[in-house]
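*Asks:* My questions all concern the structure below.
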Amino acid sequence: MFANDKYTQGVQSIAGRFQEAVGSSGLLSPEYLRETDEKLQSEILALLQSPKPKIMVYRRETRR
């Protein structure tokens, strides 16, 4: 498992627990909760799961 996978799973877990707590409180409408969950899935988690650029920097020493 990659570090990014662990981070994504952590964010999903926190978001899920938050959604459950808020949803069971009755403070927000079911429609708002559904829209929020859709945005979370389509925007935030999609960014976490997207490929990240990889850069390699190196230096070649020359002898004088």
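*Asks:* Restricting to DSSP H runs of at least four residues, report the calculated mean residue ellipticity at 222 nm for the chain, -39500 (n - 2.57) per run over all residues, nearest 500 deg cm²/dmol.
*Replies:* One gets -18500 deg cm²/dmol as the mean residue ellipticity at 222 nm.
*Asks:* Also, quick follow-up: With a ≥ b ≥ c taken as the square roots of the eigenvalues of the C-alpha gyration tensor of the chain, please select rounded if a/c is under 1.5 and otherwise prolate if a/b is larger than b/c or oblate if it is not?
*Replies:* Since a/c reaches 1.5 and a/b is larger than b/c, the shape of the chain is classed as prolate.
Every read-out reported here was derived from the displayed coordinates using simple, explicitly stated rules and does not represent laboratory data. Being a predicted model, the structure only gives us computed values, none of them experimental.
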